Amino acid sequence: MTTFVDRVELHVAAGSGGHGCASVHREKFKPLGGPDGGNGGRGGDVILTVDQSVTTLLDYHHSPHRKATSGKPGEGGNRSGKDGQDLVLPVPDGTVIMDKAGNVLADMVGHGTSYVPAQGGRGGLGNAALASARRKAPGFALLGEPGGLQDIVLELKTVADVALVGYPSAGKSSLISVLSAAKPKIADYPFTTLVPNLGVVTAGSTVYTIADVPGLIPGASQGKGLGLEFLRHVERCSVLVHVLDTATLESDRDPVSDLDIIEAELREYGGLDNRPRIVVLNKIDVPDGKDLAELVRPDLEARGYRVFEVSAVAHMGLKELSFGLAELVAKSRAAKPTEEATRIVIRPKAVDDAGFTVTPEDENLFRVRGEKPERWVRQTDFSNDEAVGYLADRLNRLGVEAELMKAGARSGDGVAIGPEDNAVVFDWEPTMMAGAEMLGRRGEDHRLEEPRPATQRRRDKQAERDEATKEFDDFEPF
């Protein structure tokens with residue numbers, strides 16, 4: 001059963017915002033007490049965050065679809081809907097987030113680093129929030145925005161200071177088990193290591209991490225064996241350690257040819273030429289292994305490699321190796337540029353930036369793109385004429401109608417607001433600013449202008465009394 005996964009495709013969906021409520025306060029002797037519809041709740045975000053206790057992407061391999069909760073709709077009595085809960089997804093340190101095209105969206109390194117691939121939708125405003133001096137009793141509310149959707153690829157690249165590379169059964173797992181407290185699987189057959197193993201080594205005042213990468217073979221950079229799947233775990237390592245088997249039973253192999261083959265695969269994979277390298281001649285506890293190590297050592301040193309002769313089984317030469325690695329790690333850390341505090345850059349909007357664009361697509365169609373127009377369209381209930389009139393007012397105030405006129409739009413031309421695959425298209429009329437004139441003064445409830453029944457009855461009775469009094473005053477006795 002698979003227990004380690006380092007690459008998955010994840011489908012995330014943020015929560016949608018709750019709809020606003022259109023409600024009128026009702027109370028005894030106050031049949032129309034004013035708008036009291038509450039706002040809808042905000043939808044929950046999807047948040048990826050680095051968690052040091054997580055070491056694999058296995059959970060997302062089994063459950064690749066994740067969705068945050070949506071906001072609740074508003075209610076009457078000025079009661080706002082509950083916000084949706086954010087969905088926090090823990091990922092291992094060193095996870096790279098990409099889109100399906102392979103573009104890097106975020107590099108998750110360091111505990112607590114977070115990234116939001118899908119944002120929750122805004123909640124719609126209730127009619128209480130939409131009321132104004134001009135629009136005293138709105139008979140509509142705004143809809144909640146749908147949550148964001150995105151398909152992303154998570155790829156884990158091990159974060160370690162030192163990487164052990166070499167042929168299968170070269171002794172890499174045995175070496176990391178004696179240098180650190182890691183307990184990898186060790187056996188006498190090839191490809192025992194199926195997943196990268198991490199260990200922590202302390203050498204004097206230097207503490208560093210060491211990774212055991214599954215064995216490489218010729219063609220690993222092209223996908224042969226396990227190489228291509230796990231070579232990405234070498235990318236972040238500062239020091240590469242070639243672990244060479246000096247006691248191999250294969251007649252066509254020797255430490256120098258093994259080194260040449262692994263170096264060729266690393267060059268083919270790319271991006272690792274500037275990493276410092278050392279060579280570890282392992283299994284010198286075997287007599288033939290000791291003789292072969294002494295034979296090839298001068299050749300390797302002549303190539304510029306620093307060579308260590310060790311035996312993981314007999315614990316020979318381990319102290320020198322651990323301190324030698326600590327020296328290289330310390331140099332690599334010192335050579336890194338000092339991290340500067342994040343600068344906050346403020347880019348004010350240009351004076352002539354209207355926040356939208358109007359583009360003629362053909363003779364009779366114009367497309368409007370912009371954050372505000374598209375959001376307003378998504379929040380509009382097109383089954384409500386008053387809501388459509390409110391949208392017309394907002395677009396007019398933003399300057400959309402003026403830009404359409406400049407672009408050459410004429411009465412009856414089509415106007416699409418939004419992207420091609422999800423746009424609202426309508427026939428444009430230059431009198432859009434008065435598009436709801438048939439409703440009377442937009443945003444006002446005509447019921448408020450009508451006299452209330454009890455008041456009307458009192459007025460009718462008073463009129464009757466006045467009429468009777470007038471008739472009595474006009475009466476002349478004989």
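The values are calculated or read from the model by the stated rules, or taken from the named source; none is laboratory data. Source: prediction; values computed, not measured. Reconstructed Cβ throughout: ideal geometry from the backbone, glycine too, with neighbour counts over all protein chains shown. What goes into the accessible areas is simple: the full protein's heavy atoms, side chains included, and nothing from ligands, DNA or RNA. Shrake-Rupley method; radii C 1.70, N 1.55, O 1.52, S 1.80 Å.
Quick one: which residue in Gly443, Gly408 is assigned to a loop (DSSP other than H, G, I, E, B) and modelled with pLDDT of 70 or more? So that I can check it myself, show each step before the final result.
Values: Gly443 fails: modelled with pLDDT of 70 or more.
Criteria check complete, one pass: Gly408.
In the range 41-72, which residues are more than 20 Å from the chain's Cα centre (by Cα) and at pLDDT below 95?
Our first condition is that a residue be more than 20 Å from the chain's Cα centre (by Cα); within the range 41-72, this holds for 41, 53, 72.
Of everything in the range 41-72, just one residue is more than 20 Å from the chain's Cα centre (by Cα) and at pLDDT below 95, namely Ser53.
Would you be able to tell me the number of residues in the range 117-162 that are polar (S, T, N, Q) and over 29 Å from Arg66 (Cα atoms)? Before you say what the answer is, go through the steps one by one.
To start, the set of residues in the range 117-162 that are polar (S, T, N, Q) comprises 119, 127, 132, 150, 158.
When the remaining residues are screened for being over 29 Å from Arg66 (Cα atoms), the result is 127, 132.
Summing the residues that are polar (S, T, N, Q) and over 29 Å from Arg66 (Cα atoms) in the range 117-162 gives 2.
Does Val358 meet the test of being under 30 Å from Asn396 (Cβ atoms), among the hydrophobic types (A, V, I, L, M, F, W, C) and touching a residue at least 12 places away in the same chain (Cβ under 8 Å)? Lay out the reasoning, then the answer.
Numbers: under 30 Å from Asn396 (Cβ atoms): yes; among the hydrophobic types (A, V, I, L, M, F, W, C): yes; touching a residue at least 12 places away in the same chain (Cβ under 8 Å): yes.
Answer is yes for this residue.
Which of (1) open to solvent by 10 Å² or more (accessible area, probe 1.4 Å); (2) out of contact with any His (no Cβ under 7 Å at 6 or more places or on another chain); (3) at pLDDT 85 or above; (4) closer than 24 Å to Ala326 by Cβ does Glu235 not meet, given it meets every other one?
Every listed condition holds for Glu235 apart from (3).
In the range 117-159, what residues are under 18 Å from the mean Cα position of the chain (by Cα) and of a type in the set (Gly, Ala, Ser)?
Across the range 117-159, the qualifying residues are Ala118, Gly120, Gly121, Gly147, Gly148.
Here is a yes/no grid of residues against (1) buried (at least 21 other Cβ atoms within 10 Å of the Cβ); (2) at negative phi; (3) over 34 Å from the mean Cα position of the chain (by Cα); (4) without any contact (Cβ under 8 Å) to a residue 60 or more places away in the chain:
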site	(1), (2), (3), (4)
Asp6	yes, yes, no, no
Glu9	no, yes, no, no
Ser16	yes, yes, no, no
His19	yes, yes, no, no
Ala22	yes, yes, no, no
His25	no, yes, yes, yes
Pro31	no, yes, yes, no
Gly34	no, no, yes, no
Asn39	yes, yes, no, no
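Hey, Val162 hits all of (1) touching a Phe, Trp or Tyr at 6+ places or on another chain (Cβ under 8 Å); (2) open to solvent by 20 Å² or more (accessible area, probe 1.4 Å); (3) modelled with pLDDT of 80 or more but one; which does it fall short on?
Only one criterion in (1) touching a Phe, Trp or Tyr at 6+ places or on another chain (Cβ under 8 Å); (2) open to solvent by 20 Å² or more (accessible area, probe 1.4 Å); (3) modelled with pLDDT of 80 or more is unmet by Val162, namely (2).
Please work out which residue is nearest to Gly121 (Cα to Cα), limiting yourself to the range 389-398 and to residues that are touching a Phe, Trp or Tyr at 6+ places or on another chain (Cβ under 8 Å) and either surrounded by fewer than 19 Cβ atoms within 10 Å (Cβ to Cβ) or among the basic types (Lys, Arg) (or both).
Of the range 389-398, the ones touching a Phe, Trp or Tyr at 6+ places or on another chain (Cβ under 8 Å) are 390-391, 394-395, 398.
Adding the requirement that they be either surrounded by fewer than 19 Cβ atoms within 10 Å (Cβ to Cβ) or among the basic types (Lys, Arg) (or both) leaves 394, 398.
Working: Arg394: 20, Leu398: 22 Å.
By that ranking, first place goes to Arg394.
Would you call Gly76 crowded, with 16+ Cβ neighbours inside 10 Å, modelled with pLDDT of 95 or more and under 30 Å from Gly37 (Cα atoms)? Quick ask: steps written out before the conclusion?
On the way: crowded, with 16+ Cβ neighbours inside 10 Å: yes; modelled with pLDDT of 95 or more: no; under 30 Å from Gly37 (Cα atoms): yes.
No, not satisfied.
Within the range 268-323, how many residues turn out to be open to solvent by 90 Å² or more (accessible area, probe 1.4 Å) and aliphatic (A, V, I, L, M)?
2
Within the range 333-347, is there a residue that is without any contact (Cβ under 8 Å) to a residue 24 or more places away in the chain and part of a helix (DSSP H, G or I)? If you could, list the steps in order and put the result at the bottom.
First, the residues of the range 333-347 that are without any contact (Cβ under 8 Å) to a residue 24 or more places away in the chain: 334-347.
Right, trim to part of a helix (DSSP H, G or I) and you get 334-335.
Scanning the range 333-347, I find at least one residue that is without any contact (Cβ under 8 Å) to a residue 24 or more places away in the chain and part of a helix (DSSP H, G or I), so the answer is yes.
Consider Asp151 against the criteria (1) open to solvent by less than 30 Å² (accessible area, probe 1.4 Å); (2) in contact with a Leu (Cβ under 8 Å, 6 or more places away or on another chain); (3) in contact (Cβ under 8 Å) with a residue 60 or more places away in the chain: it satisfies all of them except one. Which criterion is unmet?
Condition (1) is where Asp151 drops out.
Kindly establish whether Pro117 is buried (at least 20 other Cβ atoms within 10 Å of the Cβ) and farther than 25 Å from Ser23 by Cα.
On the way: buried (at least 20 other Cβ atoms within 10 Å of the Cβ): yes; farther than 25 Å from Ser23 by Cα: yes.
So Pro117 fits the description; yes.
Can you tell me which of (1) in a loop (DSSP other than H, G, I, E, B); (2) in contact with a strand residue (DSSP E or B) (Cβ under 7 Å, 6 or more places away or on another chain); (3) closer than 30 Å to Phe382 by Cα is the one Gly124 doesn't meet?
Every listed condition holds for Gly124 apart from (2).
Being over 36 Å from the mean Cα position of the chain (by Cα) and outside any loop (DSSP other than H, G, I, E, B) is the filter here; which residues of the range 160-172 pass it?
Lys172
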